[in-house]
Amino acid sequence: FAFADVAGADADSITLYAAHLDAPLVYDAANDGADVKAWILKAGYPLVDELPAAWERYSKRGLPLAILFVDKSADNAAVLKEASAAAERVADKLAISFADGVRFKQQIERMGAPTDSLPVLAAMKLSGKANYPYAGELNADAIVAWAEGIADGSIQAHLRSEPVPESQDGPVTVVVGKSFKDVVLDADKDVLLEIYAPWCGH
């Protein structure tokens with residue numbers, strides 16, 4: 001941020017100018033609180049900002065982070081408007097950002113979202129690395145419902161997993177990512193688990 005002092009004003013005030021704002025914001029202690037620095041840091045950046053440049057700021061918030069992956073060569077104004085409207089409504093539950101989906105295609109795959117078309121949305125919890133790919137319409141109401149589901153636990157994290165075997169007829173049960181909790185962590189029985197790589201000769 002750059003700061004300037006304007007002499008000769010009728011009254012003392014603090015005005016914030018930023019490229020993402022439609023009009024300058026004037027600080028109002030009654031509505032914005034006594035912490036001027038906090039007000040500047042909150043209002044001085046877009047609510048939905050671009051990664052990776054804004055990564056550090058998002059990570060310090062400690063909230064799950066949703067990333068809207070877009071094709072930067074396309075017109076993304078409408079979908080970014082919907083994302084911003086959603087971000088305002090869930091600001092205390094989930095942060096929303098955007099990134100170049102062509103450049104970061106591998107990140108889309110890691111988060112469990114489809115890569116065949118853009119834009120696409122997925123969220124992650126920065127602690128624990130849980131991922132939540134989004135499959136609904138990219139409108140504010142639907143995104144808000146999804147974000148609230150992540151926050152209250154009603155939406156489960158995506159698990160990278162092979163399909164659960166249709167039958168377990170042999171003496172050894174085959175465990176995959178989706179069945180690990182039910183089979184291995186079953187408190188009613190003892191389980192001996194062997195983990196191996198199929199390509200390993202041991």
- region 70-131 shape via C-alpha gyration tensor axes, a/c threshold 1.5: oblate
- Kirkwood calc, region 88-202, C-alpha pairs only, radius in angstrom 17.0 Å
- Task: Tally the DSSP beta bridges in region 5-115 and give the antiparallel ones as a percent, rounded to 5.
- Result: 20 percent
- In sequence order, calculated HN-Hα J values of region 134-139 (Karplus, 6.51, -1.76, 1.60; Hz; x Gly/Pro): 9, 10, x, 6, 8, 10
- Item | For the chain, fraction of C-alpha pairs farther apart than 31 Å, in % | 39 percent
- Would you compute, from DSSP H runs of 4+ residues alone, the mean residue ellipticity of the chain at 222 nm, taking -39500 (n - 2.57) per run and dividing by the full residue count, rounded to the nearest 500? -7500 deg cm²/dmol
- Got a sec? What order do 89, 103 fall in by accessible area at 1.4 Å, biggest, i.e. largest, first? 103, 89
- Note on the structure: Rounded to whole Å², per residue accessible area for region 62-202 with a 1.4 Å probe reads 65 Å²
- Excluding ligands and nucleic acids, what accessible area in Å² is computed for residue 57 using a 1.4 Å probe, to the nearest 10? 70 Å²
- Task: Report Rg (one decimal) and Dmax (nearest whole number) for region 104-145, counting Cα atoms only, units Å.
- Result: 10.7, 28
- Task: For region 181-197, take each phi angle, set θ = phi - 60°, evaluate the Karplus expression 6.51 cos²θ - 1.76 cosθ + 1.60, and give the result in whole Hz per residue in order, putting x for glycine and proline.
- Result: 5, 5, 8, 6, 9, 5, 6, 8, 8, 7, 10, 9, 10, 9, 10, 8, 9
- Take every Cα-Cα pair in region 33-103 and report what % of them are more than 18 Å apart. 40 percent
- Task: Scan around residue 101 for amide H atoms under 5 Å from its own, H built in the peptide plane at 1.01 Å from N, and keep only partners 5 or more places away or cross-chain.
- Result: 70, 71, 72
- Query: Quick one: how many Å² of residue 72 are accessible to a 1.4 Å probe, rounded to 10?
  - Reply: 110 Å²
- Query: Which percent of the accessible heavy-atom area of region 1-141 goes to carbon and sulfur, probe 1.4 angstrom?
  - Reply: 51 percent
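The values are calculated or read from the model by the stated rules, or taken from the named source; none is laboratory data. What you see is a predicted model, and the numbers here were worked out from it, not measured in a lab. Ligands, DNA and RNA are stripped out before the accessible areas are found, and what is left, the full protein with its side chains, is counted by its heavy atoms. Shrake-Rupley method; radii C 1.70, N 1.55, O 1.52, S 1.80 Å.
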